[in-house]
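First up is the structure itself, then whatever we jot down about it.
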Amino acid sequence: MNLDLKGKVALVTGSSRGIGFSIARGLYSEGCSVVLNGRNENSLNNAVEQLSGTLGVCGDVTNPKDAKNLVQNVISAFGQLDIVICNVGSGSSVYPGEENLEEWKRVFELNLWSATNIVEAARKPLAATKGVIVCVSSICGLEVIHQAPITYSTAKAALNAYVRGIARPLGRQGIRINAVAPGNIVFEGSVWSRKIEENQRSVQEMLQENVSLGSLGTPDDVANLVCYLASPKSAFASGAIWTIDGGQVRS
């Protein structure tokens, strides 16, 4: 793709593996200066080594201080910030009906506060460049998905509401924000990778019954959409939740 992103500075949180790494690689291939982030230093260093010239900053963005430090590192290294991708999140939680207060807090920290912390920390430098934010949500935040953790679904629904609500005040500063809502995405170490190993036939039956295209998605599928939303090609898009699920969501 040629998305007119050459020379832009992009920060991708949670980018040492999976969807986040694919997004970082996509922005890198479009000519961006990319800053990767993760909590595990070894995994982060490995990701940075695969994308020569990128910068890795270790930190936990569920912590507001770490989020501010991450943005400050970007500005110190590059002098500006044009693109922020909020990718930190996890669908791992307790089975529906087994929720408790500590689990609610943990899941909301990972799937909501991780985004709000970075947006608040990056707001001023993004306003200076008329920048772009893309949050990685989930179809679990759009409708009830069978057996999906209620904590996760609720946190992603809250993230979607945040994106829609904050779009107007951010827009007044010239900042665009959107979210992508992936469906079932498979990569090494993912939930779907494990499910395929356990019972491939069951996975295929689920896909044929619930997904129009009858297949799982890949991190690159998500990354391509994120890169488009981060680019000038989508200059009139803001405050929207973009579904990418192979035709699973019905509502």
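The values are calculated or read from the model by the stated rules, or taken from the named source; none is laboratory data. In this text, all values refer to a predicted model and were calculated from it rather than measured experimentally. Cβ coordinates were reconstructed from backbone atoms using ideal geometry, including for glycine residues, and neighbour counts include every protein chain displayed.
Listed values, structure above:
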{"quantity": "Residue that is surrounded by the fewest Cβ atoms within 10 Å (Cβ to Cβ), among those in the stretch 86-103 that are among the polar types (S, T, N, Q) and within 29 Å of Val226 (Cα to Cα)", "calculated": "Ser92"}
{"quantity": "Residue within the stretch 16-25 that is farther than 20 Å from Val71 by Cα, hydrophobic (A, V, I, L, M, F, W, C) and surrounded by fewer than 24 Cβ atoms within 10 Å (Cβ to Cβ) present", "calculated": "no"}
{"quantity": "Candidate set from the stretch 53-72 (those that are over 20 Å from Val107 (Cα atoms) and in contact with a Phe, Trp or Tyr (Cβ under 9 Å, 6 or more places away or on another chain)); member that is surrounded by the fewest Cβ atoms within 10 Å (Cβ to Cβ)", "calculated": "Gly53"}
{"quantity": "Residues being more than 16 Å from the chain's Cα centre (by Cα) and outside any loop (DSSP other than H, G, I, E, B) - total across the stretch 165-198", "calculated": "15"}
{"quantity": "Single residue of Glu103, Glu98, Glu109, Glu120 found to be among the acidic types (Asp, Glu), outside the structural domain of Glu209 (by TED's automatic domain parsing) and not in a helix (DSSP H, G or I)", "calculated": "Glu98"}
{"quantity": "Residues of the stretch 51-95 classified as in a loop (DSSP other than H, G, I, E, B), charged (D, E, K, R) and free of Cβ contacts under 8 Å to residues at least 60 places away in the same chain, total", "calculated": "1"}
{"quantity": "Extreme residue, nearest to Ala115 (Cα to Cα), among residues of the stretch 45-74 that are of a type in the set (Val, Ile, Thr) and in contact with a strand residue (DSSP E or B) (Cβ under 9 Å, 6 or more places away or on another chain)", "calculated": "Val61"}
{"quantity": "Qualifying position, being touching an Asp or Glu at 6+ places or on another chain (Cβ under 8 Å), within 30 Å of Glu103 (Cα to Cα) and of a type in the set (D, E, K, R), among Arg194, Arg250", "calculated": "Arg250"}
{"quantity": "Residue list for the stretch 191-208, restricted to those being of a type in the set (Lys, Arg), out of contact with any Ser or Thr (no Cβ under 8 Å at 6 or more places or on another chain) and within 22 Å of Ile19 (Cα to Cα)", "calculated": "Arg194"}
